[in-house]
Amino acid sequence: MAVEEVNSVSNTYNLQVIYRQYSYQSSDVFDSVCSSLEEGVIGLVASGSSNNVKIIAEIATNFHVPSISPSATNPFIQQTLTTEYLLNLMPSDYEQCKAIFELLKHHEWKDFSILTSADDYGINGMLKLQSLAMAQGFKILNNQQFVVPGSHHDSEYAQLDIKMELEVIKQSLSKIIVLICDGWYSPAIFRQARDVGLMTNEYAWIVTDGIATQPIVLEENGTIPDYLNGLLGTRPTISLNSPQYKSLYNKFVTKFPGKRFNLGGYVLTLYDTIKVYADGLNLYYQENQNMESKEFYCHQNILNGEYQYWENGYKFLGALKRVDLDTGMTGHIQFDKMGWPRNVVYDVLNIQNQNFVRIGTWKLVSNELKLPYKAIYFDHSDTAPTSKPKTLKGSKFICGILPIKPFIIETSGPCEGKSCYTGYMIDLIERLKIDLQFEYEFVQPHDRKWGSYNSSVQDWTGLVRQLVYNEIDIAAVPLSVNSGREHIIDFSFPFMDSSNTAVMRASKSTQNRFFFLLPFENKVWFSVIIMNFIVTFFFYLANKTSPYGRSASYVHALMSCTCKECLKHRSGQKDPNLTTLARPLTRKCLFTKGSAKDGRNGTNFYNSFWIVSSGLFGKTRGDSPDSLSGRFILCAWWFFMMVVTSMYTANLAASLTVNNMDIGIKSVKDLLAQNDITWGTVKSTHTESILQSSVDPFYRELYTRAVSVGNESEAARKVREEKYVFIFETPIIDYEFRSDCDVVRIGAEFQSFEYALGFPKGSPYAELINSYILQYRETGVLDSFWSRWLAIQDSTSNCPSSEGGRKLTLGMSSMAGIFFALAIALTFGVFLLIMEYTVAAMRDVRTNSQDSKKSFWGSLISRVKLLLIYTFSSKSVYQHDEMEEEEEEEAGCSARFLNKPRQHSIM
């Protein structure tokens, strides 16, 4: 049709087309090209794959015959002089990848996979897309290539089997897939993708021009299958709205009824190729009067290595490069100096109602993507899928485990599968299963080891080895994070912080009977006692001499009073009419001496000492000094004792926090300085690894001399039965020995690290699981799991515990010292009582008259009798009280004066 249109409007030349069909064998291509050149052609339409086009162009270039390709897209095809005479109507794979990448950016599909054919077309597209993704921070989750059939027959296309590659993509959790291959492979690919579940509304596929330019390849029974509705693609633009296209379309469907899909992008590019040749001839004839074709002896020339050049070929090539065709079916056609099209525009297509529909365009010159029309997606969904999966629905993981309390506990009794295990890790995996909707099963490594590098066999052991060889999907254990493992496996976000701890069983604890003296040194105790006497002296002095104190105010009042009573009282005269001071005038006045001996007066040294000393025990007497100086001194003393008492209480509580057991060593560094106690850890664990590789020579020596064991249970047995120090991870040790009250820590924790799940390197589901673990840690879910298992263990423990550490239960053996001290104080108090009676009896002997003089023992016995009578006989007490009341009435004003001295001082 193109040749007919060209010849119908040209009076200068008449185009004739020579058809040569060739296979994909290079020798067949060579024969076809040479046969055409020997017939004197002026140009070649180099169709087919980029490899075949390159062969055609290299042969034609040797004879200076231009060739135009409507199909080649290899960006490297024109980088050498061997293809100098080649022009391309299709943009290179690089430009198409830019258009696809902009489509990915528009949808925010930052994670995607690439499925390509293992040929130049697929590999070139893949490389450019990878480059763009890396530059923009996008992530290619998977890159799968499939081997293309060699014969390119329909039967070979149908037998294409890429189920394995598709399964790998599915396991990578990729939801966006870019397919780069020849269109004839696509029907088999999409059928198999549908079978493995990659054609649902959770997925999106983008195809290249290998498929989008020839939609006929997707037909089944004359139509595109319904399950392909939602497929996205790119192709070099087609001028669908131009008059030229509409005219050609009408002519085509009239001439070939029912072949509308045959009029695809590739066919229209062939049409434009003839138009370019026609415009090039027109330009050539405008500058040159004559064009003579030339018949070559192609086969012979090539064999001899001597080529005949077409004299008009270079000029004709120049004319072709200057073609400016604005009525092309594939847009405005111009060429750059390398022979590639200048005005690169790609259509963005979407299969809707079983037909490719243009929903937007992308232009190279501005790198601008416009999508004015809405796309649909698989299952007729109008919502674009996300590149990051929200669940792991449909996935089943093999989880490697090793029993270790409280993380993984094997249940006793008959069980099957997952029900055989409980623990912290089981809770975590179950929570992930519920939130991410996956299934799992447990397996244990054959060697029952965690995983370390075995230099003798140059391989890893245990769970780490299973991850390296993809035998398991997740190491569902508290796997310690270290640099050695990080090189070969991936870790999840840490779910718990940890460190190493050393423990051993202590011998019988030693109790200090006088523990209550521990908070202070002896110097402190003596200093407090001395300060008590010093403060007493200053307190007494202030109260005794201050004019506002009781004693000084009494003396001042009596000595300055001018009333008769006080004058008589001071002069010592007796006046029977003075009833107020009747009884005191019988003896010397006590006030003139300034002693102010009064049972309720706190100014004497004895009372001052008692008031100050009560502050030692946080108590105060009811009476208080009147003077400001005395009160200030007393407040200062109370403040001093408040601080001392607070420090005593805090230090006493601290000294009782831990039961000081006799373990002989204070830290792990003490282990190297003795030979009685052995130590070790569990082989092939993180603890052993970091001890071995530590930069600290102490830890390396600790590893060298260690007596390590095969598992945690064996280590626990050695701790309980032998003099053995177990060095291992803190959470495991705390749980294992929580019920062993005689197992204590040695020193502080050391060598901090973290617990995480383990994944094979490059695991696709690690990122999603990480997001949930981070969420669990932020919301306290992980803490609740740990608290639950600690609570279960606490319920079976006989060791009292509290927040912050293990407390000492104070039994009678611990409190014996304070009881002993109290007993001594009581005994001394009884001794003082006896001494008081002894002194009183001696005074009775001296004060008795000669007639009623009693001996010392008589006086003592008499006082004891009175004590017994008045203590145990209420009648005697009443009688004695009545006698005292009568005496008080006789005393009159004297008693009131002595008992209420304040009133007298105000006179």
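The values are calculated or read from the model by the stated rules, or taken from the named source; none is laboratory data. Everything numeric here is computed off the predicted structure, so don't read it as measured data. Heads up, the Cβs are rebuilt from the backbone with ideal geometry, glycines too, and the neighbour counts pull from every protein chain shown. Please note that ligands, DNA and RNA were not included when accessible areas were found on the heavy atoms of the full protein model with its side chains. Shrake-Rupley method; radii C 1.70, N 1.55, O 1.52, S 1.80 Å.
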Taking a label point 7 Å from the Cα of Ser693 along Cα-to-Cβ, the residues of the range 480-506 whose backbone nitrogen sits under 17 Å from it are 480-492, 499-500
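Lys and Arg at +1, Asp and Glu at -1: add these up for the other residues within a Cβ distance under 13 Å of Tyr346 and post the number. Could the numbers behind the result be given before it?
Values: positive: Lys98, Arg235, Arg358, Lys363, Lys370; negative: Asp93, Glu95, Glu102, Asp209, Asp347, Glu368.
Overall, the nearby charge balance is -1.
Could you check how much of the accessible area of the range 209-334 is carbon and sulfur, as a whole percent, using a 1.4 Å probe? Don't skip to the answer; put the middle values down first.
Working: 2890 of 6090 Å².
Reported share for carbon and sulfur atoms: 47 percent.
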Low-density loop trypsin sites (Lys or Arg not before Pro), the range 392-428, at most 16 other Cβ within 10 Å, DSSP non-H/G/I/E/B, are Lys393
The alpha-carbon center of the range 1-54 and that of the range 690-710 are separated, in whole Å, by 78
Relative contact order in percent for the range 1-68 (Cα pairs under 8 Å, 6+ apart) equals 26
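Enter the accessible area per residue of the range 410-482 (Å², integer; probe 1.4 Å; all protein chains in place).
On the way: 3570 Å² over 73 residues.
In whole numbers, the range 410-482 has 49 Å² accessible per residue.
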The answer for the range 120-212, accessible area per residue at 1.4 Å probe in Å², is 40
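For the peptides 406-413, 445-452, what is the packing order when you average, over each peptide's residues, the other Cβ atoms within 10 Å and list the highest mean first?
On the way: 406-413: 15.4, 445-452: 19.8.
Descending packing order for the listed peptides: 445-452, 406-413.
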At the level of C-alpha centres, the distance separating the range 227-261 and the range 301-346, in angstrom, is 26
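What percentage of the solvent-accessible surface of the range 1-154, computed with a 1.4 Å probe over protein heavy atoms, is contributed by carbon and sulfur atoms?
Working: 3140 of 6650 Å².
That share works out to 47 percent.
With a cut-off of at most 13 other beta carbons within 10 Å, and DSSP calling the residue loop, which chymotrypsin sites (Phe, Trp or Tyr not before Pro) in the range 295-329 qualify? Please list them. Before the final figure, lay out the partial values.
On the way: sites: Phe296, Tyr297, Tyr307, Tyr309, Trp310, Tyr314, Phe316; in loops: Phe296, Tyr297, Tyr307, Tyr309, Trp310.
Loop-located and lightly packed - Tyr309.
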A chain fully extended from Val3 to Gln334 at 0.36 nm per residue, minus the present Cα-Cα distance, gains in nm 117.1 nm
Candidate cut points under trypsin sites (Lys or Arg not before Pro) in the range 256-343, DSSP loop plus at most 10 other Cβ atoms within 10 Å of their own Cβ, are Lys337
So, over other residues within a Cβ distance under 11 Å of Ser49, counting Lys, Arg +1 and Asp, Glu -1, the net charge is -2
With every protein chain in place, the accessible area of Thr116 for a 1.4 Å probe, in Å² rounded to the nearest 10, comes to 0
One finds, for Tyr13 and Gln437 with R0 = 56 angstrom and r their Cβ-Cβ distance, a FRET efficiency to the nearest 0.05 of 0.20
Given a 1.4 Å probe, the accessible area of the range 55-117 per residue, as a whole number of Å², is 27
Extend 7 Å from the Cα of Thr779 along its Cα-to-C-beta direction; within the range 418-447, residues with backbone N under 20 Å of that point are 424-439
A chain fully extended from Glu292 to Asn675 at 0.36 nm per residue, minus the present Cα-Cα distance, gains in nm 127.3 nm
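Pop the C-beta distance of Tyr307 and Glu486 into the FRET formula with R0 = 56 Å and round what comes out to the nearest 0.05.
Details: r = 61 Å, r/R0 = 1.09.
For Tyr307 and Glu486, the calculated efficiency is 0.40.
Quote to one decimal, in nm, the extra length available between Asp734 and Glu219 on full extension: 0.36 nm per residue of separation minus the C-alpha distance between them. Don't jump to the answer; show the numbers that get you there.
Working: separation 515, 0.36 × 515 = 185.40 nm, distance 6.76 nm.
Working it through step by step, the gained length comes to 178.6 nm.
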So the FRET efficiency between Cys415 and Ser752, C-beta based with R0 = 30 Å and rounded to 0.05, is 0.25
In this structure, among Lys105/Lys128; Lys163/Lys259; Lys170/Lys390; Lys139/Lys370; Lys374/Lys433, pairs with alpha-carbon gaps over 26 Å are Lys163/Lys259; Lys374/Lys433
Quick calc: nm separation of the 7 Å Cα→Cβ label points for Ser247 and Asn355 -> 2.4
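Please tell me the relative contact order of the range 202-290 in percent, rounded to the nearest whole number, where contacts are Cα pairs under 8 Å and at least six residues apart. The partial results should precede the final answer.
Details: 57 pairs, mean separation 28.0, N = 89.
With pairs under 8 Å counted, the relative contact order is 32 percent.
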The farthest towards the positive end of the charge dipole of the range 315-461, of the residues Tyr424, Met338, His380, given +1 on Cβ of Lys and Arg and -1 on Cβ of Asp and Glu, is Met338
Glu701 and Thr386 label points (each 7 Å along its Cα→Cβ direction) are spaced in nm at 5.6
For the range 96-199 the mean separation of alpha carbon contacts under 8 Å (6+ apart) over residue count, i.e. relative contact order in percent, is 34
